[in-house]
Structures are given as structure tokens and as C-alpha cells.
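Visitor: Let me give you the structure first, and then I'll get to my questions.
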Amino acid sequence: MLQTNRTKQRKKRHIALLLCICFVVVPLFAEIFIVIHADHACIGNGCHRCEQIHDALILLEKMGTVIVYAFVAIMGLRVILLPIKYIFIDIIFSNLIILKIRMNN
Ligand SMILES: [Zn+2]
């Protein structure tokens, strides 16, 4: 089945939106779980609810780390690639020959 370019872009947008929703909803549910089960009837050592709360805390910590690293990586790439892009556009694609400027001297 042949997909048009527009269909592919739409699919990419849907996947990106789904990922964004996951990055918002998963920590939110983890927080809600921790708040709801914070004052459970703990049986002490080996309590399954405490293990689940601990897992939720680890999930929150790791997702926070991933978000920070992704943000730093994206901003770093932008800082590196933006000057390179302008240099290439100015030097390579903006010379007199490409702009078709005639020098009469
Ligand atoms: Zn417990």
C-alpha cells in the first residue's frame, strides 16, 4: 500500500503526540498512586505496596532524568547546528553566481 507524504506526516504527528501524552500521563499516574497509597496498612519488611511505591519513585526519578537529558541534548544540537546552517546558507547558497548577480566591471 502506497502512503502519501501527508499520511506519513500525520502518522508521525500522532506518534509524537502519543509519546508526549505518555510523558505527561505516566508520571501523573505514578504520583497519584504514591499519594493514594502513602498511608497504607504496612506489614513491614516485604510489603508489596511499599515495593510498588518504591518502583513508582524510581520510575519518576528515571523519567525526570530522561526528560532533562533529552532537553539538554535537543538544546545542544540546536546550539551546534544553527550556526552551521547559517554559515552554509550564507557562504554556499548566497554567492554571486547562485544569486545570478552580474558584475559589469
Ligand atoms: Zn508497606
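Visitor: Where the second residue is of a type in the set (Val, Ile, Thr) and surrounded by 10 or more Cβ atoms within 10 Å (Cβ to Cβ) and the first is in contact (Cβ under 8 Å) with a residue 24 or more places away in the chain and under 21 Å from Leu60 (Cα atoms) and lies in the stretch 1-23, which pairs have Cβ atoms under 9 Å and are six or more apart or on separate chains?
Guide: Within 9 Å, the pairs are Phe23/Val66; Phe23/Ile67.
Visitor: Could you grab me the full set of residues in the stretch 43-56 that are surrounded by 10 or more Cβ atoms within 10 Å (Cβ to Cβ) and without any contact (Cβ under 8 Å) to a residue 24 or more places away in the chain? Before you say what the answer is, go through the steps one by one.
Guide: Here is the first cut: in the stretch 43-56, the ones surrounded by 10 or more Cβ atoms within 10 Å (Cβ to Cβ) are 43, 47, 49-56.
Selection gives Ile43, Cys47, Arg49, Cys50, Glu51, Gln52, Ile53, His54, Asp55.
Visitor: Additional query: Restricting attention to helices (runs of 4 or more DSSP H) lying wholly within the chain, give those where 3 or more residues are over 30 Å from the mean Cα position of the chain (by Cα).
Guide: Passing ranges, in order: 48-91, 96-99.
Visitor: Which number in (1) in contact (Cβ under 8 Å) with a residue 40 or more places away in the chain; (2) within 16 Å of the ligand (Cβ to nearest atom); (3) aromatic (Phe, Trp, Tyr) marks the one condition that Phe33 misses?
Guide: Here Phe33 meets the rest and fails (1).
Read the figures in this text as sums done on the coordinates, not as results from a lab. Since this is a predicted model, take the numbers as computed values, not measurements. Note: ideal-geometry Cβ built from the backbone for every residue, glycine included; neighbour counts use all protein chains shown.
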